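> Got a structure for you, questions after.
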């Protein structure tokens, strides 16, 4: 089951994978082979990143004690996130049933985060934005203001590659960021140096439910041509 | 060349696509068919996003005047970004030749941004983080502090799906964020309402050079097990 490079073989087409990679919040506790984790992380680092600096770090947590500590923090902060979602109410385009299912999925996820056999935490080393004096002060300020918003451009593409690679190999996962509310606690558990920041918490395991399509609004509602207001 | 859903057919496997989707900075000015743009945007919106709120907006710019305005802003701010990269110097793991090639690619890109037949600008509607009183003040602060860093979790996965879909269809693109230094000017050109923020500028066109693999550090250098310091 390996290709000419000794890697796990997989023949799913790109579009098959993309159109069936829905978020998996129900995972089996069965262990995930190292070769699979390697394959998905290698897929991850094929993604683009700013200036190819590769300031990424992928924390793979298998140890039960560590998973339990992270899971406990995740559960605690997720209760606040749940309150925020309840406060915001059901989106207009979701049925009561869909909304209920999503909220239940979220609750199941935080109750069972620790039970996933692997917790993956993609991080970035955030280097202080050292700028040469030749750059005018107002441009320097604009650069610093934009930095947090675009930092994710160097890690979330890798996260998406990982989500797709998981799907192709028959592994379930889901992208969540709730834990960043307790960023310092998470960093302490992982023993991360100060210059690192976590961007996602991804439980990975064999799925208990089926892969399938996601529900999205029509493209015509979210794409525009040339100027805001003209539908694509 | 269409599948049973009337969509452009493509049989490349996920891993083939991922391992050959390098950044394309040299693009032909030839027009890109609408059906291709539709296909890649639809691939984009299969990606995950926070709470399935789908606050994304994809600005597809074909108009030559608009491309020229955006390209001009991009060129101007990219000169500052170039200075920043020069100030930071060559990364230890890049050869002089690789570094030179990357810098030249960046320069070619800003000189020719306007010539790409399509400029795609993925955006997000950033809703004010309205929080219920039941959430303690310090948790509210932590939520607001984390928000800019994780906002990209709802758009860069879609960006990566778009990059991969482009590659599968034989289109070149590259993810750049330099333009966010001049966010207000860009928003003015696109006539974007205040609540939107742009996250990327992606020129899309048929590539002048070949698809191929990227160069990355070994996985063992960027993945750790259980705690920082233990190599995976």
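> If you stretched the chain out fully between residue B:9 and residue B:95, how much longer would it get, using 0.36 nm times the residue separation minus the C-alpha to C-alpha distance?
Stretched fully, the residue B:9-residue B:95 segment lengthens by 27.0 nm.
> Further question on the same structure: Indicate the gyration tensor shape class of the protein assembly as shown (rounded, prolate or oblate), computed on the Cα atoms with a ≥ b ≥ c the square roots of the eigenvalues: a/c under 1.5 is rounded; otherwise a/b larger than b/c is prolate and the rest oblate.
Since a/c stays below 1.5, the shape of the protein assembly as shown is classed as rounded.
> Among B:107, B:12, B:202, which one shows the highest mean-square fluctuation when chain B is modelled as a Gaussian network with alpha-carbon springs under 10 Å?
Per the Cα network of chain B with a 10 Å cutoff, B:12 tops the list.
> Right, another one. Of the candidates B:122, B:148, B:213, which one comes out as most mobile in a Gaussian network treatment of chain B with C-alpha springs shorter than 10 Å?
Of B:122, B:148, B:213, the Gaussian network model singles out B:148 as fluctuating most.
> Using a 7 Å offset from Cα along the direction of the beta-carbon, what are the separations from residue A:103 to the same position in each other copy, nm, ascending?
Listed shortest first, these distances are 5.7 nm.
> Could you work out the relative contact order of region B:14-222? I mean the mean sequence separation of Cα pairs under 8 Å and 6+ apart, divided by the number of residues, in percent.
Answer for region B:14-222 is 42 percent.
> Using alpha-carbon positions, what is the distance between the centroids of region A:55-130 and region A:158-232, in Å?
Taking the Cα centre of each part, region A:55-130 and region A:158-232 sit 10 Å apart.
> Next up: Using only the Cα atoms of region A:117-218, build the gyration tensor, take square roots of its eigenvalues as a ≥ b ≥ c, and label the shape rounded, prolate or oblate: rounded if a/c is under 1.5, else prolate if a/b is larger than b/c, else oblate.
It is prolate, given that a/c is not under 1.5 and a/b is the larger ratio.
> Right, something else. Label position 7 Å from Cα toward Cβ: report the copy-to-copy distances for residue B:220 in nm, one decimal, ordered from shortest.
So the distances to the same position in the other copies read 5.6 nm.
> Is there a simple number for the mean count of other chain Cβ atoms within 10 Å of the Cβ of residues in A:80-88, and what is it?
5
> Averaged over its residues, how many other protein chain Cβ atoms are within 10 Å of peptide B:51-64's Cβ atoms?
The mean count of partner-chain Cβ atoms within 10 Å per residue comes to 5.
> Give the relative contact order (percent, whole number) for region B:1-114; include only Cα pairs under 8 Å separated by 6+ residues.
34 percent
> Sticking with this one: Efficiency by 1/(1 + (r/R0)^6): what FRET value for residue A:133 and residue A:20, r their Cβ-Cβ distance, R0 = 56 Å, to the nearest 0.05?
My answer for the efficiency is 0.60.
> Is the C-alpha gyration tensor of chain A telling us rounded, prolate or oblate? Criteria: a/c under 1.5 is rounded; beyond that, a/b larger than b/c is prolate, otherwise oblate.
rounded
> For residue B:227 and residue B:211, compute 0.36 nm times the residue count separating them, minus their Cα-Cα distance, and round to one decimal in nm.
2.1 nm
> Measuring nothing but label to label, 7 Å from Cα along Cα→Cβ, what are residue B:141's distances to the other copies in nm, shortest first?
List, nearest first: 2.4 nm.
> Now, a different point. What FRET efficiency comes out for the pair residue B:184/residue A:62, r = Cβ-Cβ distance, R0 = 41 Å, nearest 0.05?
0.35
> Moving on to the next point. Estimate the FRET efficiency between residue A:2 and residue B:72 by the formula 1/(1 + (r/R0)^6), using the beta-carbon distance for r and 60 Å for R0, to the nearest 0.05.
Given R0 = 60 Å and the Cβ-Cβ separation, E is 0.75.
> Now a separate question. Just tell me how shielded A:124-137 is by partners: mean number of partner chain Cβ atoms within 10 Å of each residue's Cβ, no decimals.
Mean partner-chain Cβ count within 10 Å for A:124-137: 2.
> Run lengths n ≥ 4 of DSSP H only: what is the helix-derived mean residue ellipticity at 222 nm for chain A, with -39500 (n - 2.57) per run over all residues, to the nearest 500?
-13500 deg cm²/dmol
> Separate question: GNM, chain B, Cα, under 10 Å: largest mean-square fluctuation among B:214, B:222, B:17?
B:222
> Students often check this: by mean Cβ neighbours within 10 Å, which of A:171-183, A:88-100 ranks highest, and how do the rest follow?
Going by the mean number of other Cβ atoms within 10 Å, highest first, we get A:171-183, A:88-100.
No value in this document is a laboratory result; all are computed from the given coordinates. Since this is a predicted model, take the numbers as computed values, not measurements. Glycine gets a Cβ as well: all are built from the backbone with ideal geometry, and neighbour counts include every protein chain shown.
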